[in-house]
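Any read-out appearing in this document is the output of simple, stated calculations on the displayed coordinates, not a laboratory observation. Please read all numbers here as calculations on a predicted model, not as lab measurements. For neighbour counting, all protein chains shown are included, and Cβ atoms are generated from backbone atoms with ideal geometry for every residue, glycine included.
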Amino acid sequence: MRDVLRLADIARIDAEHDTAAGPGHPASALKLNSTSPGGVAVAGIEGYLFIGDGTNRWERQYLGELTVVDAWKDAWRGLLDARQVQARAHGVALWNFLAPEKQVVLPHKRWPGGETRGEGRPLRLLQAMLTPEARLLYPEEALRAAQGPTYFRHNSHWTATGCCVATQVILDALAPGVRLADLDLAAERQRTNHDLTAHFFDPPPVEDLLLLAPPGEVTSDNRQLELTGKHVGSRYVLENPHAPDRRRLMLFGDSYAYDAGLAYALSAVFGYVAFVWSKDVVWAEVTQHRADLVLCESAERYIAVLPNA
């Protein structure tokens, strides 16, 4: 069921669902540090589940256990510089955005002793050498300071509330003065299983959840999962004639933008949002969609390997 809600209503509903997902849920019986088969998911306390040491070696990244060489940092700095050079050549403004992983915002739910803060992770080392010209947005502090649940207990992604908090950080850079809390937001109530419980339980339990939805019309849709078994290359366009900002936004990213709410939240503000699942900027798409703004989003765990389109 689709609703039109304000941010305060979204926060209230997310809090209700979070309470229902607490004691009594099968995940609450998992012991701290329990790991799913294959090591993709790991249990914290109070039923909180996290991405563990899967393909991206995320927890090793967070714990500072991966060797970070100067060449990696230099390559990232070079990539971010090159993006800005290309942006100027194309006459667009470009920002980079990293979605913090769940352990970053809720370390006390993963390591209740408080001894782990993730200061040695690759991103921290990269941030120390970047200048403001890199235009790297990272909403860690905003998510930590937010009232209400910003990440689902049993999912690797943020809640609708968390998505809105992160989107406001983006808007403060791209559209100063626009407050998401002042806008009507589309949201959809669903009942399904979360991605991390699927690694522990067969069948995984279903839960009630709220996800952001397109506030306007999906005018072009080419989602590749059913055709290729992969999201890479998936694309769609959102148009919202009631958006307060008529500029055209080109969004490259992954699941955080694809269906975890970021594209939909941005479409409440920008009249034209084109999304392409890609780890890097595809400049031909920027030209095709006549973009004014470009946002390149990535989950933090992916940065251990430099992206390519």
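The table that follows gives values for the structure above.
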{"item": "Under the Debye formula (equal points on every Cα, no solvent term), log10 I(q)/I(0) of region 2-304 at q = 0.11 Å⁻¹", "result": "-0.67"}
{"item": "For region 54-182, projected area of the alpha-carbon convex hull averaged over all directions, nm²", "result": "9.6 nm²"}
{"item": "Over region 189-309, volume per residue of the alpha carbon convex hull, in Å³", "result": "126 Å³"}
{"item": "Inter-centroid distance (Cα atoms) of region 86-138 relative to region 238-265, Å", "result": "21 Å"}
{"item": "Cubic angstrom per residue, convex hull over Cα atoms of region 1-93", "result": "213 Å³"}
{"item": "Prolate/oblate/rounded call for region 125-274, Cα gyration tensor, a/c under 1.5 rounded", "result": "rounded"}
{"item": "Charge dipole (the chain, unit charges on Cβ, about Cα centre) - positive-most of Ser278, Ala71, Thr19", "result": "Ala71"}
{"item": "In sequence order, calculated HN-Hα J values of region 18-34 (Karplus, 6.51, -1.76, 1.60; Hz; x Gly/Pro)", "result": "5, 4, 5, 8, x, x, x, 6, x, 5, 5, 8, 6, 6, 3, 6, 4"}
{"item": "Region 117-149: GluC sites (Glu not before Pro) falling in loop per DSSP and having at most 10 other Cβ within 10 Å", "result": "Glu119"}
{"item": "Spherically averaged projected area of region 249-309 from its Cα convex hull (nm²)", "result": "4.0 nm²"}
{"item": "Candidates Val273, Val206, Val42: whichever shows maximal mean-square fluctuation once the chain is modelled as a Gaussian network with Cα springs under 10 Å", "result": "Val206"}
{"item": "10 Å Cβ shell holding at most 10 others, DSSP loop, trypsin sites (Lys or Arg not before Pro): longest site-free stretch of the chain", "result": "32-229"}
{"item": "Cα gyration tensor of region 113-203 - equivalent ellipsoid semi-axes, whole Å, descending", "result": "27, 23, 11"}
